[in-house]
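Presented below is the structure to which this report refers.
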Amino acid sequence: MQDLNSFLEPGMLVRHPAQPDWGVGQVQSVIGARITVNFENTGKLVLDGNVIALVPVYD
């Protein structure tokens, strides 16, 4: 299985493509496929990187 989030590092800003209302999130940690992100409107969540490809925010 391809790692859709292999480029992610702690501190990067991302969006969840299926949940725009969560707002921008900051990557807290990446351990294997488990990605912990602190979203501005939802708080801290642990996501499965095998299931969702987070979208980087560069602004």
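The values are calculated or read from the model by the stated rules, or taken from the named source; none is laboratory data. Remember, it's a predicted structure, so these values are computed and weren't measured experimentally. Positions of Cβ are generated from backbone atoms using ideal geometry, with glycine treated the same way; all protein chains shown enter the neighbour counts.
Descriptive notes on the structure:
- Unique match (being in a strand (DSSP E or B), surrounded by 11 or more Cβ atoms within 10 Å (Cβ to Cβ) and free of Cβ contacts under 8 Å to residues at least 60 places away in the same chain) among Asn50, Asn38, Asn5: Asn38
- Verdict on Val14 being out of contact with any Ser or Thr (no Cβ under 8 Å at 6 or more places or on another chain), part of a strand (DSSP E or B), surrounded by 13 or more Cβ atoms within 10 Å (Cβ to Cβ) and at pLDDT 95 or above: yes
- Only a single criterion out of (1) within 9 Å of the chain's Cα centre (by Cα); (2) surrounded by 14 or more Cβ atoms within 10 Å (Cβ to Cβ) is not satisfied by Val55, namely (2).
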